[in-house]
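The structure appears right after this line, and notes come after that.
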Amino acid sequence: MPTSTTTPAMRSTWTARETATPPGGEQALRGLQDHLQLIEQSHQRCAALGLSRIERPDHAPLLRGEMLTVRDSNQRLFTHALPVMELLAEQIVSTQSMVLLTDANGTILHSIGEDNFLERASKVALSPGVNWAEQSKGTNAIGTALIEETPTLVHADEHFMHANNFLTCSAAPILDPRGNILGVLDVSGDRHSYHQHTMGLVKMSARMIENHWLSDDFRNELRLHFHSRAEFIGTLMEGILAVNREGRILGANRSALDQLQLSSAALRMQSITSLFGTSVAALVDHFRTPLSVPLSLSLANGRKFHAQARFNWPVWHAVSPSAARAPAPEPAGTVARAAALPAEQRQRPSGLRYLQTGDAQMEQVIAKIGRVLNRDIPILILGETGTGKELLARAIHQDSQRSAHPFVAVNCASIPESLIEAELFGYEDGAFTGARRKGAVGKIVQANGGTLFLDEIGDMPPPLQARLLRVLQERQVTPLGSSKSIAVDVAIVGATHRNLREMISSNDFREDLYYRLNGLVVKLPALRERSDLQTIVHKILRAECPEQPPAVSAEVMQMFQRYSWPGNVRQLANVLRTAAVMAGGEPLITRAHLSDDFLEDVQRLDALAAPAVAAMMPSAPGAAFTGAFAGPAGPSSPFGVAPPAHAAAAPAAAREGMTLEELEIETIRQAVEAAGGNISEASKRLGISRNTIYRKLRWNRPPAA
């Protein structure tokens, strides 16, 4: 039996706080006992990981390039969370506290806090870029909430590491409509500022973000808002279900799960008919007028709810049984805006057709996929980071016969190695320390009938590769801690930016799994290799500003065309999103609307291009090359650092015909050589992350002699 790690000081702290408030009876006592058990289990995990209570934890933030990547991949979460964070910050003003948002790995994305508390918070690195996962910082509200998947309070010396004992922290995970964790919302403050209502505010704020996300995810589906009390419809207490035309439930908010007493996976197995005994057509018919009264619905057990449906009438009116005999009502609000859009935008092609933008390489990729669609052939997508591998996987699912069933994405690189097995295969109650009491359904079972997208499959740990191979062969999953197998039927789409053949040679990837996954291998071209840049720019701007998408000035488009786009389409979308906001409704995006970071990158690459152009000139190419790199680091240097002296002496013939990318890679190689092979030192001199150096040199190795 493990020994208890709940200290007398922790118990006395709770006793002092509870005696200061009115007693809550047996329910409050059970809540306190559950809390102490949660803290004790967390301390046991930390001890098992070998963490020390007295050593100062690692407070190093992500490097700038890595942080930009993390922020970019969580841009949508940040967009939905920011206004809620600002509202929450107003509620806790003058309490020596701050509001934090993290991603699903516990890395802080954004913080809002009072100046007089920020200095103390900086001592434990409560700042963007720092990771607060439990395995990094021990027991803390953010990291423990991620593991427990439940709102978590960690107060004072309940923190595993003594350095954090001056804090009181209340955190709530933010879930998407399928029950997957998007991130964590947290309020951290001085332990003396503790207030019992803080956790309630955090939980309400997290639910607000979740509701925004759900409404955005399913804006074109029917959304059923319900509660057992009619006056609660339209409040944070309401349940929300997203329903497709066939009546299948696509997603739900947390209040819906609580009221229906169903898990997310169990609810998605239901339909409106099996759940409430009604149909989509009946709902659309009842709520087709703006002043419709709430509808009374009942579960099979007799429990009654009041419901209100919201949907886009121009899209849904044909579902109504009385649509043929009743004219559509005058659209209002968002419906009016949708109706006013051009036909091209209202009927935008979806799936693989939407990815056809005129590029010959993409046309070949889509043509290949079209030949194997619905033939139970696994697809492996190769390509650099940001080329749109998940977008292609979703398009494959949408065009397949499985589109009415779930699409479940798993990023094998973002889930800790210790948790990825439980994430994929699920687990039973008590399967391991810290497991949820009712167990959990794994991602493979969640995708049953639909598509399982395994992103960054090359980062899957070798022991797990063997289990995945068995699942693919036997079409059965055995959850952790269970002796029973579950039959599954899933289409597999894998993706990676790594060279799997090289990983097979180094025994880092199973050859038999590789051949199981690569029924069809397609490679997405990098953005710099594509011929449809203008079309992609237009599509992105039309998605960002559907009513009045701005045009792009000739100067900016030329800048885009000569830029190498290391972050590919994802980076382009981020640049355009920022530019569209900066333009603020103006009809033309100009250089003034671009971020300083991007303009600096363009200048660096232009500096790389200048020597190459000069080298091809008949008159003194060597002198031009030497001049561009001579002297101390400055604006003329591509990365703000002068390359080694031998770079200037390189023969002009070796540089003639080099592309921008080849010049960039050569500069990186020279910087690494000048730093004696020290990647960290080279990254500092170049002003780029170590990961960028590793990636560039790994994907662009010189040919063997």
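The values are calculated or read from the model by the stated rules, or taken from the named source; none is laboratory data. Source: prediction; values computed, not measured. So basically every Cβ, Gly included, is an ideal-geometry build from the backbone, and we count neighbours across all protein chains shown.
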Quiz item: Within region 542-552, can one find any residue that is among the acidic types (Asp, Glu), in the same structural domain as His497 (by TED's automatic domain parsing) and touching a residue at least 12 places away in the same chain (Cβ under 8 Å)?
Solution: no
Self-check item: Subset of region 174-201 [farther than 16 Å from Leu77 by Cα and either crowded, with 24+ Cβ neighbours inside 10 Å or in contact (Cβ under 8 Å) with a residue 60 or more places away in the chain (or both)]
Solution: Val187, Ser188, Gly189, Asp190, His192, Ser193, Tyr194, His195, Gln196, Thr198, Leu201
Practice problem: Looking only at region 255-268, decide whether some residue is touching a residue at least 24 places away in the same chain (Cβ under 8 Å), over 27 Å from Ile181 (Cα atoms) and surrounded by fewer than 21 Cβ atoms within 10 Å (Cβ to Cβ). | Solution: no
Quiz item: Can you tell which of Phe160, Phe166 is aromatic (Phe, Trp, Tyr), closer than 17 Å to Arg53 by Cβ and crowded, with 23+ Cβ neighbours inside 10 Å?
Solution: Phe160
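Rundown of residues vs (1) more than 19 Å from the chain's Cα centre (by Cα); (2) at pLDDT 85 or above, yes/no style:
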site	(1), (2)
Thr387	no, yes
Ser403	yes, yes
Gly426	yes, no
Gly430	yes, no
Gly439	yes, no
Glu456	no, yes
Quiz item: Quick check: is even one residue across region 126-135 part of a helix (DSSP H, G or I) and modelled with pLDDT of 90 or more?
Solution: yes
Quiz item: For region 1-85, which fully contained helices (runs of 4 or more DSSP H) count at least 2 residues that are in contact with a strand residue (DSSP E or B) (Cβ under 8 Å, 6 or more places away or on another chain), hydrophobic (A, V, I, L, M, F, W, C) and modelled with pLDDT of 85 or more?
Solution: 25-48
Quiz prompt | Checking Phe78 against (1) surrounded by fewer than 21 Cβ atoms within 10 Å (Cβ to Cβ); (2) over 18 Å from Pro173 (Cα atoms), the condition it does not meet | solution = (2)
Self-check item: Residue that is nearest to the chain's Cα centre (by Cα), among those in region 46-70 that are closer than 25 Å to Leu109 by Cα and among the β-branched types (Val, Ile, Thr)
Solution: Val70
Quiz prompt | Matching helices (runs of 4 or more DSSP H) fully within region 461-567 where at least 3 residues are under 24 Å from Val372 (Cα atoms) and either under 26 Å from the mean Cα position of the chain (by Cα) or charged (D, E, K, R) (or both) | solution = 462-474, 511-517
Quiz item: over 22 Å from Val408 (Cβ atoms) and at pLDDT below 85, is that true of Arg288?
Solution: yes
Self-check item: Counted residues, region 202-246 - those being surrounded by fewer than 19 Cβ atoms within 10 Å (Cβ to Cβ), small (Gly, Ala, Ser) and not in a helix (DSSP H, G or I)
Solution: 2
Quiz item: Taking Thr152, is it of a type in the set (S, T, N, Q) and closer than 15 Å to Val84 by Cα?
Solution: no
Exercise. Kindly indicate whether any position in region 549-557 is modelled with pLDDT of 90 or more, in contact with a Pro (Cβ under 7 Å, 6 or more places away or on another chain) and buried (at least 20 other Cβ atoms within 10 Å of the Cβ).
Key: yes
